[in-house]
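Participant: Structure incoming, see below.
Quick note: the coordinates plus some simple rules give every number you see, no bench work behind them. Computed from a predicted structure; not experimentally measured. Neighbour counts are summed over all protein chains in view; Cβ atoms, including those assigned to glycine, are modelled from backbone coordinates with ideal geometry.
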Amino acid sequence: MRRMPSLSWDSLPSLPAFVEKPSYDRDAVSAGIVHFGVGNFHRAHQAAYCEALLNRGETDWGIIGVSMRSPHVRDKLAAQDYLYSLLSLGEKTEFRVIGALQRVLVADESPRAVIDAVASSATALVTCTITEKGYCLNRGELDSEHPDLAHDLRSLDHPHSLYGYLAAALISRAAQAGEPLTVLSCDNLSSGGNKLREGVSRILLSHSPSALEWAEEHVAFRSSMVDRVTPATTGELMARVGHALGCEDAAPVAAEPFTQWVIEDDFAGRRPPLDAVGALFVPDIAPYEHAKLRLLNAGHSILAALGYLAGDRYIHEALARPALAAFALQTLEQEILPVTLVPKGADGRAAIATALARFRNAQLPYAVLQVGSDSSQKILQRWLPATDEALAQNKPTAHLAFALGAWVAMIRAAAKAGELVDPQRERFCAFEPQRGVSISRAHLDIAGAQASLCFNNSDFIATADAYYKTITDLGIERALQAETLGRNDTLACESTQQ
Ligand code: CS2
């Protein structure tokens, strides 16, 4: 069989007319952005916004991507001029080819090139999608003993963390009295920008107090709320793209039609006009972060745990089970929403309904195992803070206790099946239940949730343990029925707080 040609700038003119292609001269574009973490999410989200800017005639906002360790994405993209297809899958299917990524550096292979790219005055913005675990946190706080951060506090010759790369680059930028820079977190994390500031400052303090002083004046660390459901690429997607385009794309990405980017304003230096292509600049990001993490991501993680236990492969399959769908809706509406700050003018119930409708999109199957990955980190951002606030305010928490019991059951079952993907995998796998020791508390302990109120609330923990037992005895759906949770005809959400 003849091999199809690879996607490339030369092949663009021969792509079918339904494919939206770069309309700009790539040689006229410079890279004003360095982005850390070139996974599917970045390529479906921030890169798509930048592509829209380039298509409008802006020339400053090309992207240099950085992969911290793996060369895979770089290798695939380099072979096709860093172009890739982005499919929007919903009621309609839309194809775009994105050219905003100009090249991808692999930090472990060429640390100096990464430091130089961030230090260059051509770079006005650094963005990142490094996931929760890239922030080196423990108990929700920056952890100086985390091996990567501890390494960078000692030496910046070959940094291990994003903090280290930023600090090394700022030392060089300060020495050149370079242009101001904005560093923008694009992860599902509360106050990601503040964490980046804190980590970089800690490292600068130990390596170059004068660069720290410069950075305090010239660098802005900001947070953003990013939203677009973007699953991992499958072989089926690659085949579909090859067939539609008539050329081979080794790194296509599929995402839902919905997309949102809310950015904490007040940049240092040049700011890409992202508001012209659908992003929103706001002075206060907190309500947007809260609403997204708690009303969407919490729901996603809860459905991932319940769906996994029900034997489902995908989130939309979990939602097709009435008891699971009712439980997710009740948890979000009755227990999480009352303690969630929503942006002014927004309707929390409508946001929940939209999130669940988006999760039902069967055109875009999203694996429960993918959403369930790294859950020990995700629950600290997504639902434990809401649980703590509900407990503190003496509000209902029965569903949240059940969700905790289900999360523990999911961890145990996935560990047993060899399917657990989590930074704490080894500890979860080595865990042995002990008489008289709460299983929920032991798992929260491994997740680093010791500082949370729910960890220390014996009634809540005992309730979660009891639910865990019902779930493992009866299976998830019968447990929901037995406990009258997830039944449309009940409002079983008494407070477990005395
Ligand atoms: C998901 C998110 O995998 C996950 O943990 O909850 O990636 C989610 O799809 C995005 O945050 C949606 O914006």
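Participant: Rounded to whole Hz and in sequence order, give me ³J(HN,Hα) for the stretch 392-408 from the Karplus expression 6.51 cos²θ - 1.76 cosθ + 1.60, θ = phi - 60°, writing x for Gly and Pro.
Facilitator: Once θ is set to phi - 60°, the couplings for the stretch 392-408 become 4, 9, 6, 9, x, 9, 4, 5, 5, 5, 5, 4, 5, x, 5, 4, 4 Hz.
Participant: So who's got an amide H within less than 5 Å of the one on E248, skipping anything under 5 residues away but keeping other chains? H placed 1.01 Å off N, in plane.
Facilitator: When sequence neighbours closer than 5 places are left aside, the close amide H contacts are S6, L7.
Participant: Now for a different question. For the stretch 120-276, compute the orientation-averaged projected area of the C-alpha convex hull (one quarter of its surface), in nm².
Facilitator: 11.6 nm²
Participant: Also, I was wondering about something else. For the chain, what is the per residue volume of the convex hull drawn over the alpha-carbon atoms, in cubic angstrom?
Facilitator: 153 Å³
Participant: Provide the percentage of antiparallel DSSP beta bridges, counting only those with both residues in the chain; round to the nearest 5.
Facilitator: Just about 30 percent of them are antiparallel.
Participant: Relative to the compact globular guide of 2.2 N^0.38 Å, what is the alpha carbon radius of gyration of the stretch 12-283, as a ratio?
Facilitator: Cα Rg divided by the expected 2.2 N^0.38 Å: 0.99.
Participant: What residues of the stretch 4-36 lie in the reach of a label at A79, counting those whose backbone N is under 11 Å from a point 7 Å from the Cα along Cα→Cβ?
Facilitator: Those under the cut-off are 6-7.
Participant: Return the ratio Rg/(2.2 N^0.38 Å) for the stretch 435-484, where Rg is computed over Cα atoms only.
Facilitator: Here the answer is 1.22, to two decimals.
Participant: With a bin width of 5 angstrom, please list the P(r) values of the stretch 409-467 as percents of all Cα-Cα pairs, from the 0 bin to the one holding the largest distance.
Facilitator: For the stretch 409-467, the pair-distance distribution reads 4, 19, 28, 24, 17, 7, 1.
Participant: Further question: Report the equivalent ellipsoid semi-axes for the stretch 287-487 in whole Å, largest first, defined as the square roots of five times the eigenvalues of the gyration tensor built from alpha carbon atoms.
Facilitator: In descending order, the three semi-axes are 24, 20, 16 Å.
Participant: Would you kindly derive the ³J(HN,Hα) couplings of the stretch 94-106 from the backbone phi angles with the Karplus curve 6.51 cos²θ - 1.76 cosθ + 1.60 (θ = phi - 60°), listing them in order in whole Hz, with x for Gly and Pro?
Facilitator: Result, rounded to whole Hz: 10, 10, 10, 10, 9, x, 5, 6, 8, 6, 10, 9, 9.
Participant: Karplus couplings for the stretch 379-389 from phi (6.51 cos²θ - 1.76 cosθ + 1.60, θ = phi - 60°), rounded to Hz, Gly and Pro as x?
Facilitator: Result, rounded to whole Hz: 5, 5, 8, 8, 10, 5, x, 5, 4, 4, 5.
Participant: A further question follows. Once all Cα-Cα distances of the stretch 60-186 are split into 5 Å bins that start at 0, what whole-number percent is in each one?
Facilitator: 2, 10, 17, 19, 20, 14, 9, 6, 3, 1, 0
Participant: Listed highest first by mean packing, meaning other Cβ atoms within 10 Å per residue, what order do 394-405, 409-420 come in?
Facilitator: Highest to lowest by the protection proxy: 394-405, 409-420.
Participant: Suppose each label sits 7 Å from its Cα in the direction of the beta carbon; what would the D459-S14 distance come out to in nanometres?
Facilitator: A separation of 7.1 nm, rounded to one decimal place.
Participant: In the stretch 12-283, what percentage of the DSSP-assigned beta bridges are antiparallel, given to the nearest 5?
Facilitator: Of those bridges, close to 30 percent are antiparallel.
Participant: If the chain between Q102 and R360 were fully stretched, how many nm would it gain, using 0.36 nm times the residue separation less the Cα-Cα distance?
Facilitator: The Q102-R360 span can extend by a further 89.4 nm.
Participant: So which lysines can K344 reach, going by Cα to Cα under 30 Å and dropping same-chain residues fewer than 8 places off?
Facilitator: Hits, sequence-local ones excluded: K195, K292, K378, K395.
Participant: Still on this model: Once amide H atoms are built 1.01 Å from N in the peptide plane, which residues 5 or more positions from L105, or in another chain, come under 5 Å H to H?
Facilitator: Answer set, sorted by chain and number: G65, V66, S67.
Participant: Here's something else I'd like to know. Which value, in debye to the nearest 20, gives the size of the charge dipole of the chain about its Cα centre, when Lys and Arg are +1 and Asp and Glu are -1 at the Cβ?
Facilitator: Taking the Cα centre of the chain as origin, the dipole is about 820 debye.
Participant: Taking only Cα atoms of the stretch 318-371, what ratio of Rg to Rh do you get with Rh as the Kirkwood inverse-distance radius?
Facilitator: Radius of gyration over Kirkwood radius for the stretch 318-371 works out to 1.01.
Participant: If you wrap a convex hull around the C-alpha atoms of the stretch 147-238 and split its volume per residue, what is the figure in Å³?
Facilitator: 142 Å³
Participant: Hey, got the dipole for the stretch 12-283? About the Cα centre, +1 on K and R Cβ, -1 on D and E Cβ, debye to the nearest 20?
Facilitator: Computed about the Cα centre, the dipole is about 260 debye.
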